[in-house]
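Take a look at the structure set out below.
What follows draws every value from the coordinates through simple rules; no lab data is involved. Because the structure is predicted, anything quoted here is derived from the model rather than measured. Counting neighbours? That spans all protein chains shown, and the Cβs are built from the backbone with ideal geometry, glycine included.
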Amino acid sequence: MTRHPLRALALAVTSLTAVATSAPQTADAAAPAGTPVTLCPTDAAAAALRDARIRLTAVAPSTLVTEGGRACVRTSVETAGRINPDLSGRGAAGGGGFAFHRGQRRVAFEDLAASVTPDRNMITSAVHHGRRIDVLTSPTARLKLYLTKVSAEDIPMNLTPAGADALAAGFTTSPLPAGTRVFTGSTGVDVLEQVTGLLGPR
């Protein structure tokens, strides 16, 4: 989990392409609205932010939750995304995002959206200062396909050069260089429900 959050969610959408290939060639796969996505900072990223006196917050309607003793951002797909079996198509979209604060300074990444590239990488973009930029990149190889669902757990989400530049501009220097694994992302989609939809009346 683009018209957008978490197209970061394209993780789940992408994995569904495996299901879509068993359906008619014209079928595609979807990450339904309401699919939850959780972004948790890695221990190293959390330590770097803490040392820089920067705290992570959620941008509504995303919320801040605690998982494993860590403050994580929880968002969900608001607009279902579709990915074709050949990985073309648009990713899922959601609302909200995350922000970093230090004193009066704030660097926000809003209106998160995710898309999948032909080489099977997921790009998470966001609106920053009114302009959409690529913020995080992730491999899709960690997706797990089960009989009844697709699970994406602890997907590495690495900071892009544009994301690092945005942090550096907001805080003079960025505590997180480009390439840093900032978050691990987790989500899940009910495959059985999706297959039923794909094979049902059209």
Pairwise FRET efficiency - A168 versus R53, Cβ, R0 = 25 Å, nearest 0.05: 0.95
Cβ-defined net charge surrounding R53, 12 Å radius [Lys, Arg +1; Asp, Glu -1]: +3
Placing each pseudo-label 7 Å from Cα in the direction of the beta carbon, Q104 and N121 end up separated by a distance in nanometres of 3.8 nm
Given R₀ = 22 Å, FRET efficiency for R132-L64 by Cβ-Cβ distance, to 0.05? 0.40
For every other residue with a beta carbon closer than 12 angstrom to the beta carbon of T172, add +1 if it is Lys or Arg and -1 if Asp or Glu, then tell me the sum. +2
Just grab the label-to-label distance for A44 and D154, each label 7 Å out from Cα along the Cβ direction, in nm (one decimal). 1.5 nm
